[in-house]
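The values are calculated or read from the model by the stated rules, or taken from the named source; none is laboratory data. Everything numeric here is computed off the predicted structure, so don't read it as measured data. We place every Cβ from the backbone using ideal geometry, glycine too, and count neighbours over all the protein chains shown.
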Amino acid sequence: MAADTVLNTTVFDGAKKVITHYNVVSGDGEGSTTAIVDVSGLRSNNGKTCKTVRLNKVSFNVSVTAPADAIRMVWGGSNVVFQTLNGEMEYDYSDLVV
């Protein structure tokens, strides 16, 4: 079976913002897990390392043959799905206060 192809492009990596673009092509239909953001790999800001991230927006175009094939977004270290992506949309989380 063919593995998934994951193309990651960092569009912008600034002092307090990172913008990435992912293109995942499923080669075998089995799916996989891809870490989108690893805080340990982000740039430091004035010598301070990044410890947390905030998700502001997600734009996606996901084409699946069955609902079970949709993308499920989870926080690292958990199995709790906080968003399922299917179709073409954009979610804006920038007004959420946590």
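A few notes on this one:
- Subset of the range 43-62 that is touching a residue at least 12 places away in the same chain (Cβ under 8 Å) and not in a strand (DSSP E or B) - its residue that is farthest from the chain's Cα centre (by Cα): ASN46
- Meets criteria (modelled with pLDDT of 80 or more and either among the basic types (Lys, Arg) or more than 13 Å from the chain's Cα centre (by Cα) (or both)) for GLY27: no
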